Amino acid sequence: MPSILYTVRASCPNLHVRGRFLSWLSPNHVAEVMKGGATSVRIVLPDRENDAAPAVVETHYVFPSRKAFDTYLRDHAPALRADGLRHFPPESGVTYARQVAEIATELGG
């Protein structure tokens, strides 16, 4: 059964908001996602093309199976997403995109 890679991409309007977002995200939020079934997490800060570009945070969660991910979505994600919106409502300028993928191959560590 393939593992699932769940990526949440948060686009922040500037570096200040990104800093606040990172402080909220780790360690507490990611720890809650891991309690919900994720086996690992990686927080990635993509390079910005210029100072006007959004300050992005990509959080990559690995779940051991589709079943574990579906359980997370059903039992944990609604409350965690609501908490994120309480801290970063739409007027904060933070927008989210999510992607779900099966991990076909993983090498290294």
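The values are calculated or read from the model by the stated rules, or taken from the named source; none is laboratory data. In this text, all values refer to a predicted model and were calculated from it rather than measured experimentally. In this analysis, Cβ positions are derived from the backbone assuming ideal geometry, glycine residues included, and neighbour counts consider all displayed protein chains.
The listed residues are VAL44, VAL94, VAL100, VAL56, and the only one of them that is exposed (fewer than 15 other Cβ atoms within 10 Å of the Cβ), among the hydrophobic types (A, V, I, L, M, F, W, C) and under 17 Å from PHE21 (Cβ atoms) turns out to be VAL44. ARG74 fulfils the conditions (1) under 29 Å from THR105 (Cβ atoms); (2) of a type outside the set (S, T, N, Q); (3) touching a Cys at 6+ places or on another chain (Cβ under 9 Å) except for a single criterion, (3).
Look through ARG66, ARG86, ARG81 and report the one residue that is under 19 Å from ARG9 (Cβ atoms) and of a type in the set (D, E, K, R). Outline the logic, then answer.
Values: ARG66 fails: under 19 Å from ARG9 (Cβ atoms); ARG86 fails: under 19 Å from ARG9 (Cβ atoms).
Selected residue: ARG81, the only one of ARG66, ARG86, ARG81 that is under 19 Å from ARG9 (Cβ atoms) and of a type in the set (D, E, K, R).
With respect to the conditions (1) touching a strand residue (DSSP E or B) at 6+ places or on another chain (Cβ under 7 Å); (2) closer than 22 Å to PRO90 by Cβ, VAL44 lacks only one, and its number is (2). If you take the residues of the range 1-23 that are of a type in the set (A, V, I, L, M, F, W, C) and in contact with a Gly (Cβ under 8 Å, 6 or more places away or on another chain), which of them is farthest from VAL56 (Cα to Cα)? Here the residue is VAL17. Condition test on TYR61, is it aromatic (Phe, Trp, Tyr), in contact (Cβ under 8 Å) with a residue 24 or more places away in the chain, surrounded by 14 or more Cβ atoms within 10 Å (Cβ to Cβ) and not in a helix (DSSP H, G or I)? Yes: the conditions hold for TYR61. For the range 1-19, the tally of residues that are surrounded by 15 or more Cβ atoms within 10 Å (Cβ to Cβ) and either small (Gly, Ala, Ser) or free of Cβ contacts under 8 Å to residues at least 40 places away in the same chain (or both) stands at 4.
Looking across the range 39-58, just one residue is within 13 Å of SER26 (Cβ to Cβ) and assigned to a loop (DSSP other than H, G, I, E, B), and that is LEU45. Scanning the range 22-39 for residues that are out of contact with any helix residue (DSSP H, G or I) (no Cβ under 8 Å at 6 or more places or on another chain) and touching a residue at least 40 places away in the same chain (Cβ under 8 Å) returns a single hit, LYS35.
Does ALA101 meet the test of being touching a Leu at 6+ places or on another chain (Cβ under 8 Å), at pLDDT 95 or above and assigned to a strand (DSSP E or B)? Here the answer is yes, as ALA101 does meet what is asked.
Filter the range 64-85 down to residues that are assigned to a helix (DSSP H, G or I) and either small (Gly, Ala, Ser) or touching a Phe, Trp or Tyr at 6+ places or on another chain (Cβ under 6 Å) (or both), then give me how many there are. Going through the range 64-85 one residue at a time, the tally reaches 6.
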